[in-house]
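Data block below; observations after.
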Amino acid sequence: MVKLRIAARESLLSRVQVEMVARRLHELGVETEFVGVKTRADLFQDRPLQSLGKGVFEKEVNLAVIAGQADLAVHSMKDLPSQIDERLTIAAVLPRDPPYDVLVSHKPLESLPLNSIVGTSSIRRENFLKAYRNDLQVKLLRGNVDTRIKKWKEGLYDAIVLAESSITRLKLDVPYHRIDPHLMVPEPTQGIVAVVARRDRTELLKLLKGISDERTFMEATFERQTAAEIGAGCHVPLGVLFRVEDDGVSGIAGISDGHKKVVVERGFRINEPEPGKVLARELRRAMLNEGVVLKA
């Protein structure tokens, strides 16, 4: 039986995602072994993500694959930059979990008391929150999902914003409220687990194609098109969500400077070329019309 080494971060969520991939590979008769990797995001949890540069969650993990220390890497796809190392490719994606942001709180966002303290490490979430309610005190919240929830339970924050997929994957028993995607457009490819491998591993790529979900791959491709066209990395407050159905494709994209937000939405035919780029151009025009300018 073939045995593959899977590189990923050592957090509980990362391990759960590795197990999700490992189960699918096991169904194909493949054994797996976990290779834990520490990233800059893990080593500097007291600093804002934007101060750590690009690739804070994925670079070291992918380097393990390039160096031959692992056969493949497993990521939350939203942590991957729109362009990854040319020696690598996204070989598979699992069926998408809920892509939305949620507010972990006993009350929904609109019912939070005045001047409530809300925790997040994401500029996108912070800016959308401030554009919706400028009374909120948005504070930095770093750490793994369980650490963030622990801080909320200790009363350090009135509410925190997380990805719904993190809560469902970890099967956490916490009160939460899904945030309307028109109010806070989700991060590109949020809710998707991606598998990365070397381009020159032809047989491995064929194997991994057998665990990949075609509809999710299309959604991810369109969302990454939009992000690449806008020039967005983890630190640009862009939100994009595509849904692929049997009869067509719908896309929504949004961005906020913390004062105003711009959201565009439209449908596409199922075979329409590069809908992600089309949506990005519409978002750019809307930003210009509304005077939304992002700091360099």
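At a glance:
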item	result
Residues being farther than 11 Å from Arg178 by Cβ and in contact (Cβ under 8 Å) with a residue 24 or more places away in the chain - total across region 105-120	10
Region 55-75, residues that are touching a strand residue (DSSP E or B) at 6+ places or on another chain (Cβ under 9 Å) and part of a helix (DSSP H, G or I)	Glu60, Val61, Asn62, Leu63, Ala64, Val65, Ile66
Selection within region 203-243 - more than 17 Å from Arg124 (Cβ to Cβ) and small (Gly, Ala, Ser)	Gly210, Ser212, Ala220
Residue list for region 141-169, filter: part of a helix (DSSP H, G or I) and either small (Gly, Ala, Ser) or under 16 Å from the mean Cα position of the chain (by Cα) (or both)	Val145, Glu164, Ser165, Ser166, Ile167, Thr168, Arg169
Cross-chain or 6+ apart pairs with Cβ under 6 Å, region 244-273 first and under 27 Å from Arg125 (Cβ atoms) and modelled with pLDDT of 95 or more, then acidic (Asp, Glu) and not in a loop (DSSP other than H, G, I, E, B)	Val244/Glu219; Ile252/Glu265; Val262/Glu290; Val264/Glu282
Glu223 vs. criteria within 21 Å of the chain's Cα centre (by Cα), of a type in the set (D, E, K, R) and not in a strand (DSSP E or B)	yes
Residues that are of a type outside the set (A, V, I, L, M) and more than 15 Å from Lys107 (Cβ to Cβ), drawn from region 120-138	Thr120, Ser121, Ser122, Arg124, Arg125, Glu126, Asn127, Phe128, Lys130, Asn134, Gln137
Residue that is crowded, with 20+ Cβ neighbours inside 10 Å and not assigned by TED's automatic domain parsing to the domain that holds Gly258, where the choices are Ile117, Ile123	Ile123
Some residue of region 206-220 being under 30 Å from Gly119 (Cβ atoms), surrounded by fewer than 17 Cβ atoms within 10 Å (Cβ to Cβ) and not charged (D, E, K, R)	no
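The values are calculated or read from the model by the stated rules, or taken from the named source; none is laboratory data. It should be emphasised that the depicted structure is a prediction, and the values quoted were computed from it without experimental measurement. Here Cβ is always computed from backbone atoms with ideal geometry, including for glycine, and neighbour counts include all displayed protein chains.
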